[in-house]
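Novice: Sharing a structure here in structure tokens format.
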Amino acid sequence: MWRLALVVVLVVTACTSGDSSPTTITTTPVTTSTTVPVSGLIDPASVFEQAAPSLAYIETGVGTGSGILVENGLVLTAAHVVWPQRDVRVVFPNGAERRRARVIAADPIADIAVVDVSAMAGLPEPARIGDPSSLEPGSPVFLIGYPGETDAFPQPTISQGIVSRLREWAPVDWSFLQTDATTIGGQSGGAVVSASGEVVGLTNFLLGGEFGLSA
């Protein structure tokens, strides 16, 4: 059963290589070319442009993290980002700021929290939410958030990976995506975004420097 989607982030490295050699033709040389359909290309810059404006930077006084603006002026983030604070500072890429945004709900088991920014002036458009169950292994995904951030009014960053596999956590009826997109501290609460610019997950834990869980 897909709720918001938990994402397991596996940090790995991969490389590809290719080799080509010229073909000798004994008659008149012929030049050929292959056209790649534009519709088949994925533009990370376009994905970033669509999703980044709704990504919030969250500062608690003891740490920082990321969040996602959704409908009704609410920001979803990881519970461990805001715990045990009742109020946090929230900033968006357009410079909109609320110094004392109230944490109105938190679920430590699912590691999800909700911050109320409905009274903030200059709120951007909320994120578009997609269906993670439509993603198959090999599908491209992007992590957008504020990893390792120290600026007072920062801009989000983007990293790219693929869906490695789908997982199920039967005891609590949660479904997971596993991806190789790199994540580091501060990314918690950030968005896992599909190639169409829709948010399909919420980045959560980084465990042992190699694995991360996202809700």
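The values are calculated or read from the model by the stated rules, or taken from the named source; none is laboratory data. Here the structure is a predicted model, which means the values were calculated and not measured. No Cβ is skipped: glycine too gets one built from the backbone with ideal geometry, and neighbour counts run over all protein chains shown. All accessible areas refer to the heavy atoms of the entire protein, side chains included, with ligands and DNA or RNA removed. Shrake-Rupley method; radii C 1.70, N 1.55, O 1.52, S 1.80 Å.
Novice: For the range 116-184, give me every one of the strands (runs of 3 or more DSSP E) that falls completely inside it and has 2 or more residues that are at pLDDT below 90. Let's see the steps before the verdict.
Specialist: Numbers: elements: 140-145, 157-169, 174-179.
Here the list reads 157-169, 174-179.
Novice: Further, regarding this structure: Of (1) within 16 Å of Pro154 (Cβ to Cβ); (2) assigned to a strand (DSSP E or B), Pro93 satisfies all except one. Which?
Specialist: The one condition Pro93 does not meet is (2).
Novice: If you go through the range 96-124 one residue at a time, how many are out of contact with any strand residue (DSSP E or B) (no Cβ under 8 Å at 6 or more places or on another chain) and open to solvent by 40 Å² or more (accessible area, probe 1.4 Å)? If you could, list the steps in order and put the result at the bottom.
Specialist: We begin by selecting, within the range 96-124, every residue out of contact with any strand residue (DSSP E or B) (no Cβ under 8 Å at 6 or more places or on another chain); these are 96, 108-109, 121-122.
Next cut, open to solvent by 40 Å² or more (accessible area, probe 1.4 Å) only: 108-109, 121-122.
Residues in the range 96-124 being out of contact with any strand residue (DSSP E or B) (no Cβ under 8 Å at 6 or more places or on another chain) and open to solvent by 40 Å² or more (accessible area, probe 1.4 Å): 4 in total.
Novice: I want to confirm something. Restricting to the range 143-162 and keeping residues that are touching a Pro at 6+ places or on another chain (Cβ under 9 Å) and surrounded by 23 or more Cβ atoms within 10 Å (Cβ to Cβ), which single residue is nearest to Asn94 (Cα to Cα)?
Specialist: Pro156
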